[in-house]
1. Six or more apart or on different chains, Cβ atoms under 9 Å: show the pairs whose first residue is in the stretch 22-36 and farther than 13 Å from Arg52 by Cβ and whose second is in a loop (DSSP other than H, G, I, E, B).
2. Can you tell me which residue among Ser48, Ser80 is of a type outside the set (Asp, Glu), surrounded by 13 or more Cβ atoms within 10 Å (Cβ to Cβ) and within 20 Å of Met120 (Cβ to Cβ)?
3. From the list Ser80, Ser48, Ser41, Ser72, which residue is among the polar types (S, T, N, Q) and over 22 Å from Leu14 (Cα atoms)?
4. Have a look at Gly10, Gly15, Gly73 and point out the one that is touching a helix residue (DSSP H, G or I) at 6+ places or on another chain (Cβ under 7 Å) and on the phi > 0 side of the Ramachandran plot.
5. Pick from the stretch 88-125 the residues that are of a type in the set (Gly, Ala, Ser) and more than 12 Å from the chain's Cα centre (by Cα): which of them is surrounded by the most Cβ atoms within 10 Å (Cβ to Cβ)?
6. Residue by residue through the stretch 49-81, note down the ones that are modelled with pLDDT of 95 or more and touching a Lys or Arg at 6+ places or on another chain (Cβ under 7 Å).
7. From the list Ile12, Ile34, Ile69, pick out the single residue that is buried (at least 18 other Cβ atoms within 10 Å of the Cβ) and of a type in the set (Val, Ile, Thr).
Amino acid sequence: MDRFPRLKFGAIELGASWVPSWMRFMDSAAAAFIKNEERLSKLSARPSEIARRQVRVTPYPHEDTGWIIRNSGEEMLLFSSDFPHVEGGRNPLKRFNDALDGLPARAVDRFYCDNFIDLMGEGLAPDLRRPAHLVAA
């Protein structure tokens, strides 16, 4: 991922409750082995920071999306739903909105819109990208 820092990965339809522990596990393993593993010492950042930069994950509506964001970062999660299929839930927007209650507006915007735009990058048609004046710094 360091060789291609603009390359993004999307983990779609796998849920996201695993993300915070995965990030901690990677950082813990890197810290434990960095002295003896040259490749780890050459990383540009901690593994969790690289994941925040390049990995996007879609939670299921029944997962505590707010908790996942608070424990992994605003950059990681993005909205998706299989509604009206059963795994999409009966009211995914309500479930996500309830789980996101209390998060800053910027985190909610990132979840519903900006993280998808970031994942798609140049692959997203220009007219579907958010105009710069609507993106908070």
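1. Going by the 9 Å Cβ cut-off, the qualifying pairs are Ala30/Glu37; Ala30/Leu43; Ala30/Arg46; Ala31/Arg46; Ile34/Leu43.
2. On inspection, the qualifying residue turns out to be Ser80.
3. Ser41
4. On inspection, the qualifying residue turns out to be Gly73.
5. Within the stretch 88-125, the match that is surrounded by the most Cβ atoms within 10 Å (Cβ to Cβ) is Ala99.
6. Scanning the stretch 49-81 gives Gln54, Arg56, Gly73, Glu74, Glu75, Met76, Leu78.
7. Ile69
Table: residues versus (1) assigned to a strand (DSSP E or B); (2) farther than 21 Å from Ala99 by Cβ; (3) of a type in the set (A, V, I, L, M); (4) modelled with pLDDT of 95 or more.
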site: Glu13; (1), (2), (3), (4): no, no, no, no
site: Ser17; (1), (2), (3), (4): no, no, no, yes
site: Pro20; (1), (2), (3), (4): no, no, no, yes
site: Ser28; (1), (2), (3), (4): no, yes, no, yes
site: Ala31; (1), (2), (3), (4): no, yes, yes, yes
site: Asn36; (1), (2), (3), (4): no, yes, no, no
site: Leu40; (1), (2), (3), (4): no, yes, yes, no
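The values are calculated or read from the model by the stated rules, or taken from the named source; none is laboratory data. Remember, predicted model here, so these are calculated numbers, not experimental data. Because the Cβ atoms are built from the backbone with ideal geometry, glycine has one as well, and the counts that use them run over all protein chains shown.
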